[in-house]
Amino acid sequence: MALSAGDEALVRALWRKMGSNVGVYTTEALERIVLAFPSTRIYFAPLDLSPGSMQLRAHGKKVAAALSVALGHLDDLPDALSALSDLHTRQLRVDPTSFQLLGHCLLLTLARHYPGDFSPAMHRALHRFLTHVAWALASPCG
Ligand code: HEM
């Protein structure tokens, strides 16, 4: 489901509000995915997965940066994320459902930290954005 102009405006507004903290929330989402869905731990085997570990935080920042790039390229996501898609599908062989799980964990995290902003419309907008990113990452390119 494509994002409407209204969805896009809501996601952008939340992103502006989060400012440089996006990485804090993506790190929490990573902490949640490996605890709530332990089957995903296998992908992150080389990383120290204890909550708050430096490696998890560093990785959270990378995921945050990629999501910010995605937000700037909603019209050409497969191109903008092609290298990342290649990494996740061909090299890491991440199961497509794991992207949905990470999206779910990030939605929960944002709802917890921004309860006043998390209207049903914001929920829908973020869900569509994260589904769009998941689709681009899970689709092998080339
Ligand atoms: C690496 C983004 C979902 C597993 C990365 C990197 C980025 C990224 C930016 C670093 C690439 C680099 O260093 O060149 C994202 C985004 C996701 C996502 C935006 C979805 C919103 C997932 C999921 C999994 C996963 C669902 C597995 C459950 C990994 C692993 C690495 C990685 C294992 C390599 C970590 C390392 O060894 O440094 N991802 N990712 N990613 N991602 Fe993802």
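Going through the range 26-40 one residue at a time, which ones are under 17 Å from Leu106 (Cβ atoms), within 11 Å of the ligand (Cβ to nearest atom) and either out of contact with any Asp or Glu (no Cβ under 9 Å at 6 or more places or on another chain) or free of Cβ contacts under 8 Å to residues at least 40 places away in the same chain (or both)? Matches in the range 26-40: Thr26, Ala29, Leu30, Ile33, Val34, Phe37. So, in the range 91-109, of the ones that are among the β-branched types (Val, Ile, Thr) and assigned to a helix (DSSP H, G or I), which residue ends up surrounded by the most Cβ atoms within 10 Å (Cβ to Cβ)? Filtering the range 91-109 for residues that are among the β-branched types (Val, Ile, Thr) and assigned to a helix (DSSP H, G or I), the one surrounded by the most Cβ atoms within 10 Å (Cβ to Cβ) comes out as Thr109.
Looking only at residues of the range 41-90 that are touching an Asp or Glu at 6+ places or on another chain (Cβ under 9 Å) and in a helix (DSSP H, G or I), we find that the one that is nearest to Glu31 (Cα to Cα) is Leu56. Would you check if Leu84 is at pLDDT below 95, near the ligand (Cβ under 8 Å from one of its atoms) and either surrounded by 12 or more Cβ atoms within 10 Å (Cβ to Cβ) or among the charged types (D, E, K, R) (or both)? No; evaluated as a whole, the condition is false for this residue.
For Arg112, the stated conditions do not hold, so it cannot be described as among the charged types (D, E, K, R), touching a residue at least 40 places away in the same chain (Cβ under 8 Å) and either touching a helix residue (DSSP H, G or I) at 6+ places or on another chain (Cβ under 7 Å) or more than 9 Å from the ligand (Cβ to nearest atom) (or both).
The values are calculated or read from the model by the stated rules, or taken from the named source; none is laboratory data. Just so it is clear, the structure is predicted and the values come from calculations on it, not from any experiment. All Cβ positions, even for glycine, are placed from backbone atoms using ideal geometry, and neighbour counts span all protein chains on display.
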